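Enquirer: Structure in structure tokens, see below.
The values are calculated or read from the model by the stated rules, or taken from the named source; none is laboratory data. Worth saying up front: this structure is predicted, and the values here are computed from it rather than measured. As a convention, Cβ positions derive from the backbone with ideal geometry for all residues, glycine included, and neighbour counts pool all protein chains shown. We work out accessible area using only protein heavy atoms, side chains counted, and drop any ligands, DNA or RNA first. Shrake-Rupley method; radii C 1.70, N 1.55, O 1.52, S 1.80 Å.
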Amino acid sequence: MSEQLVTIEIDGREVKAKAGAMLIDVADEAGIHIPRFCYHKKLSVSANCRMCLVEVEKVPRPLPACATPVNDGMKVKTQSPLAVTAQQGTMEFLLINHPLDCPICDQGGECELQDVAVGYGSDVCRYVEGKRVVADKNIGPLVATDLTRCIQCTRCVRFGAEIAGVRELGATGRGEHMQIGTYIEKSVDSELSGNIIDVCPVGSLTSKPFRFRARAWELVQRDAVAPHDSMGSNVHLHLRNGEIMRVVPKENEAVNECWLSDRDRYSYQGIYSEDRLTKPLVKKDGEWQEVDWKEALEAAANGLKAAAGGDGDQLAALVSPNSTQEEIWLAKKLLQGMGSDNIDYRLRQGDFRPGQPDRPWLGMAIAELEELDAVLIIGANPRQDQPLLGHRLRKAAMKGATITYINPLQLVLNYRSSQWVTTPAGMLEELAAVGKGLNLRRGIIAQTKAEDRHKALAASLKEAGKAAVLLGPMALAHPDASMIWGLADAVAESSGATLGLLPEAANSTGAGMICEAENNGKVRELLENPRKGYLLCNLEPSLDLHDPALAGKAFDKAEFVVALSAFRGDSLDAAADVQLPLATFGETSGTFVNAAGDWQSFAGAAKPLGEARPGWKILRVLGNVLEISGFDQDDCGQVLAEIEESLAGRKPENKVKVDVNEERWMPAEGMARIGDVPIYAADPLVRRASALQETVHHVEAAVRINAETAKGLGLEEGGQALVSQGDGQATLPVVIDETVPANCARVQSALAGTEKLGAAFGAVTLTKA
Amino acid sequence: MANEVCLRFLGKETPWKLKNYQSYGGYEVLKKILSEKTPPAQIIEEMKTSNLRGRGGAGFPTGVKWGFINRDAPGKKYLVCNSDEGEPGTFKDRDILRYNPHQLVEGMIIAAYVIGANLGYNYIRGEFWNEYRRFQDAIDEAREAGLLGENILGSGFDFELHCHLGAGAYVCGEETALLESIEGKKGQPRFKPPFPAMVGLYGEPTIINNTESLASVPVILEKGGEWFKNLGVENSGGTKLFSISGNINNPGVFEVPMGIKFSELLEMAGGMKDGRPCKAVIPGGSSAPVIPGARMLDLTMDYDCIQKAGSMLGSGAVIVMDDRQCMVKVLERMSYFYYEESCGQCTPCREGTGWLYRVVSRIENGEGRMEDLDLLDDITPKISGRTICALGDAAAGPVQGMLRHFRDEFEYHITHKKCMV
């Protein structure tokens, strides 16, 4: 679009605008309201609702402002008789078939049609014929349909085609018979599907879990930051009587734009799940007993002190990267007060060899992702891991970026890309070959051969205006994560690309800054050499750790384990001696640092359930009970100020110092486990979000292998396989899955049934059970 | 003077066969153009001279339209022929496809040569299965003879032509809905601008012409634009195919010079059935407002004259009704058509066509109220001119026309709950 400025006149006001800009955008900018339904600033212009018709001088017919580009000297009237008659006419047509039963509509009170009808509708309906009725469709557990209310604006259809990148909804039928639907009954499965609720201007698409549970005017709106992936999506919490009734996006162009992933939108249901921990618990003679806070805190303090026995190194803290900065900071401080540096947040990492970045991050602002021309992504499935980061990458791809994936899985993507699918061990070869394509010679690069595709990728990274090499969660969980960092760094450096990480959790980047990986504990070491006392924060041992079998043994051996947790679960019940009920998403104040290093603080909004308390408060009081100094903060802000002072402006950075000639821990031969984390199993909260668990993305533990591998092992779909990893075993159903490379078994992590297994990625054997 | 252009071989032995078409002089113009490498600009000038106006109904000058495409610009260009004649009362293109398909193929190759398109489609109405087969046969024959495909007649010009059968939606006759349909999408008109000449099929510059327009091209270029223009009258050059139907003795397609008197055309069609008086005529397909018979008998069949009478020549579909026809029933049927055929994207058309139909239907069925007529008067201008394509106007036109000329019949229906006739 031309940058040339033109002057136009709207309703007698002179307005400057970019030549070619659409009239509706120019009017919006100038604060002149033009009613609209089909227009949405993030979607293509369809110009079909005809609500934004305005008068343009010298044009006999009213023109749709959404599809009329401005040109110099244009004179526009939005309130002239011609414009207003046209707008009122459209309004009348929209209402003739719309059920005028706002009091029983879930959208009532926050409905664009209702609002605009107040301004442009008549108080008398001249339509006395029968109204159109449309049968509702079941499009899954997240979005409810009430299609009789549909005004055919097609925003939801365009959202699917243009933003979600999957054409799941469409319009069938002509004229009055035009209906929104999936044609053949199916659910809408996009990871961004909930956004169709927001774009729907009427009550045709509404939130199924929220439906009929509250009226818009009963709700109080508070700001928060989504607690799952490293996007740090800005959200509005809608509360009634201190309870979160729903979550909707808060617009932030730099972060989530106006969108929200389904995980961030619907996970709030987990807050009110039945196994929510609402009272402090102490294990007495093997039995859990509810106690008051005082007793619990004293038991925790005494237990930790006794376990340490004066040797701080006997204590370790494992904190979830979904914890707030304040929680992580105070946990670290608490341990330091007891003489220990053993704190770590890298729960799903298996390789802690030195030289990996201390404070890894995306390496750029989120919006910069869409400006990339060439991207190499290793060990990641951003569409599932960080859906809206995935959306930014899709935007880059739609603009023509070449995107290449090196993964141990074939991904289902919604844009054009190259996917190099190989075994976990093979990922290193592929990456090294790209290095070879860049004429590098060091370490294992020298032993690989660059094929044409490697050379082509090397050239495209080198020649691109903006290029990036991005690592994802599967790269970090890889037994040779340090080698992957090293190779990726070599490729990025020699091609001039930016090296970045697609972190998995809401506060991975922030946790890295506090924990300073090199100086502090390393999860694997802290479990391989069991400590006597553990502090666990916001995690479930069997589901949130890289090697649950190892963790189980360590916690069994430990003398004392205190857990801050929002939920009860079998593995925590088994591991812990004291459980302190933790306030969770929406209930606690705090700060998350997202992938791009943006610090985003939020206040507590909802009333913590039962006796649950914000983590920073629990840790602060525990510090007091332990009589450690520096635990006098009165509010979260003071904790944050302390962190900021201590970090003294330190920024995240991806500095890698890995010799790419290290020993490789992932055996090149034999069966390899691929233990990626399913989208709705990523953390304790989302695992309990009931509607999300009813979607097609809910998975049960299974062994997924391709048909060829299955044949070789004598396994078949529906049969059972015995999975052995070290001395851990599990019997799981076999699923034939052609997205898995040969000689690999995709046994996803974070699922019930995999507790006894070892590392998420590593050698594994399969036999018929 | 009849049947000089598109139907010029009518009556000859199977003119739809390539051999016969060629023996009557077919493809000679194309051969000449390709061998002489006639400058496209010269052909466009000739077309402009002929004053051929688009025969699909809108009447846009064909030569001017061709000039919108820069044939030398890089990138793909497409030529599309609109044979989706779905306007109720129209059946003229069907006869071209049936009896003279090669002339259309020849016209398309020439048009493609002019605009620099190497790929063309002929979008044929879904109900025209036999015509689709016949046209496909013609394409196959032409390809076999080296008239289509790569390096046509050794000229270095490539043009491939495909036949695309529609699926029965009236709205796909609207050129941009037609493009959507070819692309495999739901047939819905696109917002314009951009016009197809800029952003057309698959986003590339595209010229869309009606069957009759394209089939006229070889004859115009053979006999000259001046000759063609002089067949007709001022502002309406050449001949036109009229499909005349209704209460007449000999309904059918007649290719006659523009500006012919309606009474003459009626005469050719055998006059009124049973000698009844001509009560009303729809002169240009169902979207054209009705004209009372007495008035119509004084008019000539050309763009200007019909427009002055408050209607339009449209596609040249003339529907003649005698005094036994109830205008309310006629309007009910037509309104039902537009209600069923609205594509549904624009609010005024989607909702308005249903509203119009239901009100007219109520009147027809004796449940009308006098205020319904004012309601119809009020709704129709809120549909016309407020939609992406002209279907909204087409739905409103008949209602406005009927109420203008036959309001008394509607009032009678409302008051007496029965028909006047």
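Enquirer: Can you tell me the equivalent ellipsoid semi-axes for chain A? Use √(5λ) from the Cα gyration tensor, largest first, whole Å.
Expert: On the way: eigenvalues 444, 203, 136 Å².
For chain A, the ellipsoid semi-axes come out as 47, 32, 26 Å.
Enquirer: Roughly how many nanometres apart are two label points built 7 Å out from the Cα toward the Cβ at residue B:129 and residue A:603?
Expert: Simple spin-label model gives 7.2 nm for this pair.
Enquirer: Could you tell me which of A:618, A:674, A:581 has its Cα farthest along the dipole of region A:542-675 towards the positive end, charges placed at Cβ (Lys, Arg +1; Asp, Glu -1), taken about the Cα centre?
Expert: A:674
Enquirer: I would also like to ask the following. What are the ³J(HN,Hα) values, in whole Hz, obtained from phi via the Karplus relation 6.51 cos²θ - 1.76 cosθ + 1.60 with θ = phi - 60°, for each residue of region B:63-72 in sequence order, with x given for Gly and Pro?
Expert: Working through the residues one at a time gives x, 5, 4, 4, x, 6, 9, 8, 5, 8 Hz.
Enquirer: Roughly how far apart, in whole Å, are the Cα centres of region B:352-421 and region B:189-231?
Expert: 35
Enquirer: Using unit Cβ charges (K, R positive; D, E negative) and no other charged atoms, how large, in debye to the nearest 20, is the dipole of the protein assembly as shown about its Cα centre?
Expert: Values: 128 positive and 159 negative charges, 495 e Å.
Here the size comes out at about 2380 debye.
Enquirer: Further question on the same structure: Efficiency by 1/(1 + (r/R0)^6): what FRET value for residue A:124 and residue B:32, r their Cβ-Cβ distance, R0 = 60 Å, to the nearest 0.05? List each step's numbers first, then the result.
Expert: Details: r = 68 Å, r/R0 = 1.14.
Here the calculated transfer efficiency is 0.30.
Enquirer: So, R0 is 25 Å and r is the distance between the beta-carbons of residue A:223 and residue A:110; what FRET efficiency does that work out to, to 0.05?
Expert: Details: r = 18 Å, r/R0 = 0.70.
Efficiency at R0 = 25 Å is approximately 0.90.
Enquirer: With angles folded into 0 to 90 degrees, how steeply does helix B:347-364 sit against the dominant principal axis of chain B? Use alpha carbons for both and round to 10.
Expert: 50
Enquirer: Kindly provide log₁₀ I(q)/I(0) values, in the same order as q = 0.12, 0.17, 0.18, 0.20 Å⁻¹, from the Debye equation applied to equal alpha-carbon scatterers of region A:1-131.
Expert: Here log10 of I(q) over I(0) equals -0.50, -0.90, -0.98, -1.15.
Enquirer: 222 nm [θ] for chain A, helices only, -39500 (n - 2.57) per DSSP H run of 4+, per residue, to 500? Don't skip to the answer; put the middle values down first.
Expert: Values: 24 runs with 208 residues, N = 769.
Rounded to the nearest 500, the figure is -7500 deg cm²/dmol.
Enquirer: May I have the extent of the alpha carbons of region A:483-599 along their three principal axes, as whole Å values ordered from largest to smallest?
Expert: Sorted from largest, the Cα extents of region A:483-599 read 52, 35, 23 Å.
Enquirer: How many nm separate the modelled label positions at residue A:59 and residue A:765, each set 7 Å beyond the Cα in the direction of the Cβ?
Expert: Result: 7.5 nm between the two label points.
Enquirer: Per residue, how much accessible area does region B:97-230 have with a 1.4 Å probe, in Å²? List each step's numbers first, then the result.
Expert: Numbers: 4640 Å² over 134 residues.
Value returned for region B:97-230: 35 Å² of accessible area per residue.
Enquirer: Here's another thing I want to ask about it. May I ask for the accessible area buried between chains B and A, both sides summed, probe 1.4 Å, to the nearest 100 Å²?
Expert: The B and A chains share an interface burying roughly 2800 Å².
Enquirer: Quick one: what do you get for region A:78-138 if you divide its Cα Rg by 2.2 N^0.38 Å?
Expert: Values: Rg = 13.2 Å, N = 61, 2.2 N^0.38 = 10.5 Å.
Dividing the Cα radius of gyration by 2.2 N^0.38 Å gives 1.26.
Enquirer: Starting from the eigenvalues of the Cα gyration tensor, five times each then square-rooted, give me the equivalent ellipsoid semi-axes of chain B, largest first, whole Å.
Expert: Values: eigenvalues 299, 115, 61 Å².
Whole-Å semi-axes of the equivalent ellipsoid: 39, 24, 18.
Enquirer: Please state the charge dipole magnitude for region A:383-489, taken about the Cα centre, from unit charges on C-beta atoms (+1 on K and R, -1 on D and E), reported in debye and rounded to the nearest 20.
Expert: Values: 14 positive and 8 negative charges, 93 e Å.
For this selection, approximately 440 debye.
Enquirer: Can you say what percent of the DSSP beta bridges in region A:537-694, counting only those with both residues inside, are antiparallel? Round to 5.
Expert: Counting DSSP beta bridges with both partners in region A:537-694, the antiparallel share is about 40 percent.
Enquirer: Would you mind counting up the charge near residue A:28? Only other residues with Cβ under 10 Å from its Cβ, with Lys and Arg at +1 and Asp and Glu at -1.
Expert: Numbers: positive: A:36, A:41; negative: A:25, A:29.
Spelling it out: positives minus negatives among the neighbours equals 0.
Enquirer: Now a separate question. Report ³J(HN,Hα) in whole Hz for each residue of region B:409-421, in order, from the Karplus equation J = 6.51 cos²θ - 1.76 cosθ + 1.60 where θ = phi - 60°; Gly and Pro get x.
Expert: Along region B:409-421, the couplings run 5, 5, 5, 4, 4, 5, 6, 9, 6, 7, 7, 7, 9 Hz.
Enquirer: When DSSP assigns beta bridges and you keep just the ones with both residues in chain A, what percent turn out antiparallel, to the nearest 5? Don't skip to the end; give the middle numbers.
Expert: Numbers: 55 of 98 bridges.
If we restrict to bridges inside chain A, about 55 percent are antiparallel.
Enquirer: R0 = 45 Å: FRET efficiency of residue A:135 with residue B:151, Cβ-based, nearest 0.05? Present the calculation step by step, with values, prior to reporting the outcome.
Expert: On the way: r = 56 Å, r/R0 = 1.25.
The calculated FRET efficiency here is 0.20.
Enquirer: Can I ask one more? Pull up all non-local amide H partners of residue A:134: gap of 5 or more, or a different chain, and H-to-H distance under 5 Å with H placed in the peptide plane.
Expert: Residues meeting the criterion, in which the H sits 1.01 Å from N, are A:148.
Enquirer: Hey, another quick one. May I ask for the angle, rounded to the nearest 10°, between helix B:129-144 and the longest principal axis of chain B, with both axes built from Cα atoms and the value confined to 0 to 90°?
Expert: 10
Enquirer: Follow-up. For region A:589-682, state the average projected area of the convex hull of the C-alpha atoms over all orientations, rounded to one decimal in nm². It would help to have the intermediate numbers written out before the result.
Expert: On the way: hull surface 46.5 nm².
Projected over every direction and averaged, the Cα hull of region A:589-682 covers 11.6 nm².
Enquirer: Taking the Cβ of residue A:144 as the centre, find all other residues whose Cβ is under 9 Å away and add up their charges (Lys, Arg: +1; Asp, Glu: -1).
Expert: -1
Enquirer: Where does each of A:602, B:410 land when they are ordered by accessible area, with a 1.4 Å probe and the largest first? Mind dumping the intermediate values first?
Expert: Numbers: A:602 25, B:410 0 Å².
These residues rank, largest area first, as A:602, B:410.
Enquirer: Among A:260, A:538, A:27, pick out the residue whose Cα is farthest towards the positive end of the charge dipole of the protein assembly as shown, where Lys and Arg carry +1 and Asp and Glu carry -1 on C-beta, about the Cα centre.
Expert: A:27
Enquirer: Place a +1 charge on the Cβ of each Lys and Arg in region B:262-313 and a -1 charge on the Cβ of each Asp and Glu, then give the dipole magnitude about the Cα centre in debye, rounded to the nearest 20.
Expert: Numbers: 5 positive and 6 negative charges, 53 e Å.
Rounded to the nearest 20 debye, it is 260 debye.
Enquirer: How would you rank A:564-577, B:107-120, A:72-85, A:210-223, highest first, on the average number of other Cβ atoms within 10 Å across their residues? Numbers along the way, then the final one.
Expert: On the way: A:564-577: 21.6, B:107-120: 24.1, A:72-85: 16.6, A:210-223: 14.2.
My ranking of the peptides, most packed first, is B:107-120, A:564-577, A:72-85, A:210-223.
Enquirer: Hey, another quick one. For region A:392-531, what does the equivalent ellipsoid look like in terms of its semi-axes, each the square root of 5 times an eigenvalue of the Cα gyration tensor, given largest first in whole Å?
Expert: 27, 19, 15
Enquirer: If you average the sequence gap of Cα pairs under 8 Å that are 6 or more apart and divide by the length of region A:18-177, what percent do you get for the contact order? List each step's numbers first, then the result.
Expert: Working: 195 pairs, mean separation 32.6, N = 160.
Averaging sequence separation for qualifying contacts and normalising by length gives 20 percent for region A:18-177.
Enquirer: A follow-up question, please. Just give the residues from region A:46-63 buried by at least 30 square angstrom of accessible area in the all-chains context relative to the isolated chain, probe 1.4 Å, and say none if nothing qualifies.
Expert: Those are A:48, A:50, A:61, which lose 30 Å² or more relative to the chain on its own.
Enquirer: Continuing with the same structure: Could you state the principal axis extents of the C-alpha atoms in region B:1-160, from the largest down, to the nearest angstrom?
Expert: Extents along the principal axes, in whole Å: 39, 35, 33.
Enquirer: Separate question: When Lys and Arg each count +1 and Asp and Glu each count -1, what net charge do the other residues less than 13 Å away from residue A:407, Cβ to Cβ, add up to?
Expert: On the way: positive: A:383, A:746; negative: A:385, A:430, A:676.
Its environment carries a net charge of -1.
Enquirer: ³J(HN,Hα) across region A:181-186 via Karplus (A = 6.51, B = -1.76, C = 1.60, θ = phi - 60°), whole Hz, x for Gly/Pro?
Expert: Karplus values, whole Hz, x for Gly and Pro: x, 9, 6, 9, 4, 7.
Enquirer: Using only atoms on other chains, find how many Cβ atoms lie within 10 Å of each Cβ of peptide A:168-176 and report the average. The partial results should precede the final answer.
Expert: Working: counts 0, 0, 2, 5, 2, 3, 14, 15, 12.
Mean shielding count: 6.
Enquirer: When the accessible area of the protein assembly as shown is split by element with a 1.4 Å probe, what percent falls to carbon and sulfur?
Expert: Details: 21330 of 43390 Å².
Roughly 49 percent of what the probe reaches on the protein assembly as shown is carbon or sulfur.
Enquirer: Points 7 angstrom from Cα along the Cβ direction at residue A:690 and residue A:294: gap in nanometres?
Expert: 3.7
Enquirer: Round to a whole angstrom and tell me the spacing of the C-alpha centers of region A:345-376 and region B:93-122.
Expert: Rounded to whole Å, the Cα centres lie 59 Å apart.
Enquirer: Further, regarding this structure: Taking every residue in B:183-195, how many Cβ atoms of other protein chains lie within 10 Å of its Cβ, on average? Provide the component values of the computation, followed by the final result.
Expert: Working: counts 0, 0, 1, 7, 1, 6, 1, 2, 8, 2, 3, 0, 0.
For this peptide, the per-residue mean of nearby foreign Cβ atoms is 2.
Enquirer: So for chain B: antiparallel DSSP bridges make up what percent, rounded to the nearest 5?
Expert: Values: 18 of 40 bridges.
Within chain B, antiparallel bridges account for around 45 percent of the total.
Enquirer: Over region A:169-209, what is the relative contact order in percent, taking alpha-carbon pairs closer than 8 angstrom and at least six residues apart? Before the final figure, lay out the partial values.
Expert: Values: 25 pairs, mean separation 10.0, N = 41.
Contact order relative to length: 24 percent.
Enquirer: If you don't mind, there's one more thing I want to ask. Tell me which of B:25, A:415, A:81 sits at the most positive position along the dipole axis of the protein assembly as shown, charges placed on C-beta atoms (Lys, Arg +1; Asp, Glu -1).
Expert: The Cα lying farthest towards the positive end belongs to B:25.
Enquirer: Cα extents of region A:507-576 along the three principal axes, largest first, in whole Å?
Expert: 31, 27, 19
Enquirer: In percent, what relative contact order does region B:225-374 have, based on Cα pairs under 8 Å that are 6 or more apart in sequence?
Expert: About 19 percent, as a whole number.
Enquirer: When N counts the residues of region B:246-365, how does its alpha-carbon radius of gyration compare numerically with 2.2 N^0.38 Å, as a ratio?
Expert: Numbers: Rg = 15.5 Å, N = 120, 2.2 N^0.38 = 13.6 Å.
Ratio of Rg to 2.2 N^0.38 Å for region B:246-365: 1.14.
Enquirer: Taking 0.36 nm per residue of sequence separation and subtracting the Cα-Cα distance, how much length would be gained by fully extending the chain between residue A:3 and residue A:45, in nm to one decimal? Each step should come with its number before you reach the end.
Expert: Details: separation 42, 0.36 × 42 = 15.12 nm, distance 2.05 nm.
Result for the pair: 13.1 nm of gain on full extension.
Enquirer: Mind checking the mean number of beta-carbon atoms from other chains within 10 Å of the Cβ atoms in A:544-555?
Expert: Numbers: counts 0, 0, 0, 0, 0, 0, 0, 0, 0, 0, 0, 0.
Taking the mean over all residues of the peptide, I get 0.
Enquirer: Something else: Using only Cα atoms, find the angle between the long axis of helix B:211-223 and the longest principal axis of chain B, and express it within 0 to 90 degrees, rounded to the nearest 10.
Expert: 50
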